[in-house]
1. For D221, tell me the accessible area in Å² from a 1.4 Å probe, rounded to the nearest 10.
2. So for each of 148-156, 163-171, 81-89 I average, over its residues, the number of other beta carbons within 10 Å; can you give me the resulting order with the highest mean first?
3. Order 48-59, 293-304 from most to least packed using the mean count of other Cβ atoms within 10 Å.
4. Would you work out which of I366, S347, L330 lies farthest towards the positive end of the dipole of the range 327-383? Charges go on Cβ: Lys and Arg +1, Asp and Glu -1.
5. Just the number, please: carbon plus sulfur as a percent of the accessible area of the chain, 1.4 Å probe, no ligands or DNA/RNA counted.
6. What pairs in K143/K308; K210/K445; K31/K262; K262/K407; K31/K345; K259/K345 have C-alpha atoms more than 21 Å from each other?
7. What do you get for the angle between helix 2-19 and the principal long axis of the chain? Use alpha-carbon atoms, 0 to 90 degrees, nearest ten.
8. Using just the helices of the chain, give the 222 nm mean residue ellipticity in deg cm²/dmol: DSSP H runs with n ≥ 4 each add -39,500 (n - 2.57), and the total is spread over all residues, rounded to 500.
Amino acid sequence: MGTEFIDNVSSSHEYHDHEKELDAGALFVLKSKGSWVHCGYHLSTSIVAPPLLSLPFAFASLGWWGGILCLVIGALVTFYSYNLLSMVLEHHAHLGRRHLRFRDMANDILGPRWGRYYVGPIQFMVCYGAVIGSTLLGGQCMKAIYLLLNPNGAMKLYQFVVIFGGLMLILAQMPSFHSLRHINLISLLLCLAYSACATAGSIYIGNSSKGPNKDYSISSDKETQIFGVFNAIAIIATTFGNGIIPEIQATIAPPVKGKMFKGLCICYAMLSTTFFSVAISGYWAFGNQAEGLILSNFTQNGHNLVPKSFIFITNIFTILQLSAVAVVYLQPTNEVLERTFADAKSSEFSTRNMIPRLISRSISVIIATTIAAMLPFFGDINAVIGAFGFLPLDFVLPVIFFNLTFKPSKKKPIYWLNMAIAVFFSVLGVIAAVAAVRQISLDAKAYRLFANV
């Protein structure tokens, strides 16, 4: 007990000494004040998000056994790799070099060029891509509600994207990652709510005569089948993706030891409940006719297969959680903006810092909203970003960081397990990127700026 107290005091002193040297981005956006419970909220919002509604669509290319196997492997590998990443962060914090950002880890472990020219840029692309994708999906859910209430309405998709962007303008002004803890608790409950709705709706339709005939066959065309499998694996990998583990761990008050593991347990309890229930029930009900977003299957040829109020409330839950997801993935961008424009020596809420914060964050959201409105096919582009971004950040780099930091003997299984994960998911990332680019080429004929899809 005495040793633990001394370690805690030592860690606290190290943190306060380090705090004096922090830049404005780390000092204001990545405040280290949270508990492991708050960490669980942040993790759940960043991972257990509306992309899970695409899992039945991924199952349509993989079949029952392939889909369930990929889901189990994705859960096991990401839980393992996120824990390895946390252990590396804890190790460096104990040595007095607490890393608050992914690129800081890469700078220290791989060298400054890796942090500046590889990890930093791909993390920014992944996170800003998630903000754009969430804004687009939010607009699509708003349009679905509008057409539900007014089937002959004339409003276009880009108008709803702009409305969602207006909500994001307000949320983007939340000063720090830690300040999102209450929003992310609500987000966690919203995710449980719409996942329960998606599962219940699928079971209801699957048991009724309204639903489609259940067909679980996979395409007989070999090329379509192969690319479909890799595209489905990329969807599942991206659904498990996070990309901001160091930034989330940065929100934990020192000492950090063991807290991230508890936070991950909250997150993966949520993940197990939602991912498997939505994927299995959706694929069972709709088979190979499962849409890219399972909620789209609840309406067929203009007819609602479930009560109108049920579709309405499910979309409301989804929209609200998407706003929380978008603001979480905006944090790395906010950190860069704060580091660039804020003065660490002035108060966080001084006029000197408030005005640049308001202007820069608003411009960031306006750009994301404009891209989402212009490119309603951004989901295809995001698949490429996910293959190049989420797979390296969440599957490959954590095991490499662990091996380089702790240097396990080549005689130990953990060394070869980590190397196998790194090689397999690196190859998978390249193939998934090719499959995503192929999908873009197939869909390119339908691309129109500001299209009303």
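The values are calculated or read from the model by the stated rules, or taken from the named source; none is laboratory data. On a predicted model such as this, the values are computed, not experimentally measured, just so you know. When we count neighbours, we look across all protein chains shown, and the Cβ atoms used for this are built from the backbone with ideal geometry, even at glycine. Side chains included, ligands, DNA and RNA excluded: accessible areas come from the protein's heavy atoms. Shrake-Rupley method; radii C 1.70, N 1.55, O 1.52, S 1.80 Å.
1. About 80 Å², ignoring ligands and nucleic acids.
2. Working: 148-156: 10.8, 163-171: 18.0, 81-89: 22.8.
In descending order of packing, they fall as 81-89, 163-171, 148-156.
3. In descending order of packing, they fall as 48-59, 293-304.
4. Farthest along the dipole direction, towards plus: S347.
5. Reported share for carbon and sulfur atoms: 68 percent.
6. Working: K143/K308 14 Å; K210/K445 33 Å; K31/K262 19 Å; K262/K407 25 Å; K31/K345 15 Å; K259/K345 30 Å.
In this structure, K210/K445; K262/K407; K259/K345 lie more than 21 Å apart at Cα.
7. 80 degrees
8. So the helix-based figure for the chain works out to -23500 deg cm²/dmol.
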